[in-house]
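Scroll down for the structure; my scribbles are underneath it.
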Amino acid sequence: MALSEKIVFKIYAGLVGAATTIAAQRLVTMVWEASTGDVPPNPNDPEVPLTRALIWAAASGLGVGMSQLAMNRLIQQRWAANTGHEAPGQLHSILDIAQRKGK
C-alpha cells in the first residue's frame, strides 16, 4: 500500500470524522434543549448540580461516540468498495490478530 494512499485515507477520515462530530454535538444539544427547555449545562461549572452535569456528559459522549462509530464503519465500507481492499487505517481487534496468527 502506497504512502500516498495512507495519507489520502487519513485526510478523508479526518474530514468526515470532524464533520460528523460537529453535527452529532449540535444534534445532541438540540435534543437536550427540546427535552429540557434549557441550554446544556457546563459540566465544569461548580454551580451546576453534579447529576445534571453527569447526565449531560453521558448524553453528549454517547451521542458523539455512536455517530463516530457509525461513520467509521461507513468510511471503511466505502473505502473497500471503491478500492477493492481494506482501508489503510483500519483497526483490528485482539481477536482478529489472534485468528490471523493461527492461519
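Please treat every number below as a calculation from the coordinates, not as lab data. Note that this is a predicted model, so its numbers are computed, not measured. Cβ placement follows ideal geometry from the backbone for every residue including glycine, while neighbour counts extend to all protein chains displayed.
Each peptide in 44-56, 71-83 was scored by the mean count of other Cβ atoms within 10 Å over its residues; highest first, the order is 71-83, 44-56. Cα-based radius of gyration for region 3-102, normalised by 2.2 N^0.38 Å, reads 1.45.
Sequence-distant contacts, meaning Cα pairs under 8 Å at least 6 residues apart, place the relative contact order of region 3-102 at 32 percent. Judged by the mean number of other Cβ atoms found within 10 Å, the most tightly packed of the peptides 35-41, 63-69 leads the ranking 63-69, 35-41.
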